[in-house]
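Heads up, the thing below is written out as C-alpha cells.
Only the coordinates and a few stated rules stand behind these numbers; no lab work does. Please read these numbers as outputs of a predicted model, since none were measured by experiment. No Cβ is skipped: glycine too gets one built from the backbone with ideal geometry, and neighbour counts run over all protein chains shown.
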Amino acid sequence: MVDSIQKYSLMIGEREVEFETGKLAKSAAASVTVKCGDTVIIVSTVCTDKPRPGIDFFPLLVDYEEKLYCMGKIPGSFTRKEGRATDKQILISRLIDRPIRPLFPKGYRNDVQIVAATLSSDEQVQPDTLVVLGSSLALTLAEKIPFEGPIGAVRVGEVDGQFIVNPTFQQSLKSDLDIVVAGTEDSVIMVEAGCNFVPEEKILQAVELAQQEIKKQVLAQKAFAAQCGVVKQAFVDPFDTSQIKALVYETAKDKVYEAYHQFDRETRRSILDAAKAEIKEKVAALPEDHSIKTLLAEAGLDFVGEEFKSLEKKIMRAMIVDEQVRADGRKTNEIRPISSEVGLLPRTHGTGLFTRGQTQVLSIATLAGPGLAQSLEGIDPQKDKRYMHSYNFPGYSVGEVKPQRGAGRREIGHGALAERALLPALPSKEDFPYVIRVVSEVLESNGSTSMASTCGSTLALMDAGVPLKRIVAGVAMGLVKEADKAVVLTDIQGIEDFLGDMDFKVTGDKDGITALQMDMKITGIDFNLLKKAIDDAREGRLFILGKMMETISTPKDDLSKWAPRIETVMVDPDTIGGLIGPGGKTIKGIIEETGADINIQDDGTVTITSSEADMMRLTISRIKGLTFKVQEGMVIKGKVTRILPIGAFVEMAPGKDGLVHISKLANQRVNRVEDVVNLGDEVYIKIIGIDDRGRVNLSIKDVTEEDKEKAICN
C-alpha cells in the first residue's frame, strides 16, 4: 500500500479525470478514488497470502455498489435501506470482471476481491467505465497481486453525427450508439454495445476511437504506479506439473486425436472417458514415493485433469487452425441446423421455440398494462422499464443436477443482452402502450443460448402480435489463435467457447447491429481480427434471420384472445383529482368494481387495461362520467333517458344529463314531447345554459349540420 497521498490527472475525451491513493481505505492491498466532475468512485482490492487448500480455479470476486446517498436521496423502500444488488449493479460488476479476469497468470489461485462504489454522483457522468478504470488502477498499485494489466475502458456515443467519448447520461439518451470498450495498450479485450441498427462500419470507427483513449489511460496508470513507487512481486507457480503433462500426453495423445475426429459428441465422449481411465490406472500404478504422487498429495489438486484438458485444447485448436475442421465436422463459417416454431402454448400471449444444433430455447411473451412497468431507483435517469427480458438456465439443459436458486449473475447478464438486442425493434409507447415481458427458458444448451434467446424472443413477440419495427436475429462468434495463425468461427458450440479464445455475440438485421458483446480469453484482439469477426457475424445472422422468417415473417395482425386490451381516454387534467378521489377512494372503487387496471398520467392520459370487453366499457363509462365537464356551446350526441310533459332529459355523459325544454325540441311548435323524441333515442344536443345550481339546459333545434360533424360522442 502506498504510504503517502498521491494524485494524478488526465483528460478522457473532454473531461478531466483525477486519481488519488493513500488517503482512504489504507488497510486494503490498494485503494483508489477516481473523480470526474462531481462523480467520485472508490475502488479497493484485497488478496489472500495463500490459496485456499484444494482450490482449482482463480477465485476473483467483484462487487459494485451504488448507494442512494451518492445523489442525496433516501431509498423509497419500506425499510429505507438498499436491498440486494440491482440488475444494473450486477451488470457493472460483470463489466469489471470480464476484461480483468484474463489478465491473471495461469496457476494463480489466491482469492482476490474488488469492491467498487460510487460515493458521489452528479447524475451526469456515467460511472461504469470509471469503475473499470479504477479497478485496473487498484490492481496495478497492489504489489502482491500479479495483474498483467493495466487496462483502460471508455464509452463512445454519437450525437449529431459526432462521436463523443464518455458521453453523459443525457447525451447517451440522444445517441443511436452506446458502446463500451476495454483493452490494453494495443488490443481490445471486451466490447459491450447497444445500438439502434447501426452499420458495422460505424461500430469499427467507434472501437478505433476508443482504443486511442484506452492507450492514454494505460500510459497514465503506468506513470501513476511509477510515481507511487510500486514494485510488483513476480508470480511463480509453486507447482511444477511437467511430469504429469508428459505422462498425460504420452498416454492419451493419440486417443484424444481420434476422439476429436469423431464428430458425434457421444462417441467422442466415450473415447475421452476411456483415455482418462487409462491415465488414472497409470497414475495409480506408480510407486507411492513417486514425485507425481507426492505432488498430487501435497497440492490436493487435480493436475491430471488440468493437463488432460490442456491436451484436448491443443488438439482441438490444431484441427481448427491446421485442418479448418471443427469438433462437430463443420466448416469455420458453417451454422448448425436451425428450426423454429411459434404458438406452442395455448394460454400464453406469444411463444417462440428456437433450436440450433443442440441448443434449444423456448421464449414466452406476456403483455400487460402500463401500470406494471418496472420501477427503477438509481443514478441512471431511467426510472422505469416497459420491456423486460428474463433468462433461465436450469441444470437439466446440460444434463446436470442443479438446485433452482433464482437467476445468478450469468443469467442476469444474458437476459440483459437479449433485452438490449430487441429494444430498438420495439414499437413506441404511443403506438403500442403495453408493458412487455419475455421469459426465455433454456431447454438444452450447447453454446450460445443468449443468441438463441434473442431469436426465440423475436419469434414470441411476433406471435404475440407486437408490431416490431424489424426482425432481429443473433449469432455467437469464436476465435482460435495460435502464434501468427487465427481462425474466426461462426456459431460456436460449448466446447469451442470453453477451449477457444473469444466469445463474441452480435445481434441485428440486414441494416445494422442492435447489440454486441465480446469477451476475450487471451490478452486481446487486434483491429483486423475484430473487423473480420464483425463481417462474418453479419453473414451468420442474416442466414439465421432467413430461417426464422420461414416460420413467421411479420407480426400477427391480432393479439391473443387471452391478452388484455388497452384503451386510452383523454380527460381534462383539472378533473384528475375528482377521478382519483380522497385517498384514492374513487379510483380504487372503479378498479374493485370492474377488475380493470387504470393508469393515470399528469397530462390527462388515462390508460385502461382489461381482458373483458364488458368491464372495459363499464370502466370507460365511469371515467367519462366522473371527468366530463360541461361547457356552454358544447355539442354532444346523447341518449334520451326520461320524458316529462315539459321536455326530455338527455344523457350527456354517464351519470350526467340535462333538460331539453319542449320549446327547444324543434323549430315548429311541439304539442307532445313524444311527437319529436322517444325514450332511448340518440340525439344531437347543444348546451345553451348552465344555471347557478349546475343544472344544464339543452337544445336540439339549435344544432346545425356543421355542429353534428364536431359533436362529442359519449
(request) At 0.36 nm per residue, minus the direct Cα-Cα distance, what do Asp176 and Ser27 gain on full extension? Give it in nm, one decimal, please. (result) 49.3 nm
(request) Measure of size requested: the Rg and Dmax of region 338-551, with Cα atoms as the atom set and Å as the unit; please supply both. (result) 17.3, 57
(request) Please report the Cα spread of region 583-709 along all three principal axes, rounded to whole Å, starting with the longest. (result) 50, 30, 26
(message) Placing unit charges on C-beta atoms (Lys and Arg positive, Asp and Glu negative, everything else neutral), compute the dipole magnitude of region 6-227 about its Cα centre in debye, rounded to 20.
(response) 940
(request) Decide, for region 635-713, between rounded, prolate and oblate: order the square roots of the alpha carbon gyration tensor eigenvalues as a ≥ b ≥ c, take rounded if a/c falls under 1.5, and otherwise choose prolate if a/b is larger than b/c, else oblate. (result) rounded
(message) Could you tell me how many cubic angstrom of Cα convex hull volume region 6-227 has per residue?
(response) 143
(request) Provide Ser448, Ser4, Ser397 in ascending order of the number of other Cβ atoms located within 10 Å of each residue's Cβ, fewest first. (result) Ser4, Ser397, Ser448
(request) Sequence neighbours fewer than 8 away in the same chain don't count; with that in mind, list the lysines whose C-alpha is under 28 Å from Lys624. (result) Lys429, Lys561, Lys585, Lys588, Lys637, Lys639, Lys656, Lys664, Lys686, Lys701, Lys708, Lys710
(message) Just to confirm the filter: which trypsin sites (Lys or Arg not before Pro) across region 342-406 are DSSP coil and have at most 16 other Cβ within 10 angstrom of their Cβ?
(response) Arg347, Lys383, Arg405
(message) For the pair Lys314/Leu219, report the inter-label distance in nm, with labels modelled 7 Å from Cα in the Cβ direction.
(response) 4.0
(message) Residue by residue through region 503-510, what is 3J(HN,Hα) from phi via Karplus (6.51 cos²θ - 1.76 cosθ + 1.60, θ = phi - 60°)? Round to whole Hz and write x for glycine and proline.
(response) 10, 10, 10, 9, 10, x, 9, 5
(message) Given a Förster distance of 25 Å, report the FRET efficiency between Lys710 and Asp572 from their Cβ-Cβ distance, rounded to the nearest 0.05.
(response) 0.90
(request) Could you please rank Glu550, Glu334, placing first whichever residue has the fewest other Cβ atoms within 10 Å of its Cβ? (result) Glu550, Glu334
(message) How big is region 353-442 along each principal axis, measuring the range of its Cα positions in Å and listing the largest first?
(response) 44, 28, 20
(request) Using the Kirkwood radius over Cα pairs, work out the Stokes-Einstein diffusion coefficient for region 483-584 at 20 °C and 1.002 mPa s, in µm²/s as a whole number. (result) 115
(request) Could you list Glu632, Glu266 in order of exposure, starting from the residue whose Cβ has the fewest other Cβ atoms within 10 Å? (result) Glu266, Glu632
(message) Based on alpha-carbon atoms only, what is the radius of gyration of the chain relative to the globular estimate 2.2 N^0.38 Å?
(response) 1.24
(request) Count neighbours as other Cβ atoms within 10 Å of each site's Cβ, and list the trypsin sites (Lys or Arg not before Pro) in region 611-679 that are DSSP loop with at most 14 such neighbours. (result) Lys629, Arg669, Arg672
(message) Taking the square root of 5 times each eigenvalue of the Cα gyration tensor, what semi-axes in Å does the equivalent ellipsoid of region 109-218 have, largest first?
(response) 27, 17, 11
(message) If I stretch the segment between Asp254 and Arg470 completely, what's the gain in nm (0.36 nm per residue apart, minus their alpha carbon distance), one decimal?
(response) 72.8 nm
(message) How large is log10 of I(q)/I(0) for region 565-627 at q = 0.23 Å⁻¹ when the intensity is taken from the Debye formula with one equal scatterer per alpha-carbon?
(response) -0.90
(message) How much length would be gained if the chain were fully extended between Glu323 and Lys73, taking 0.36 nm per residue of separation minus their Cα-Cα distance, in nm to one decimal?
(response) 83.9 nm
(request) Would you kindly work out the equivalent ellipsoid of region 287-381 from its C-alpha gyration tensor and give its semi-axes, the square roots of five times the eigenvalues, largest first in whole Å? (result) 47, 27, 15
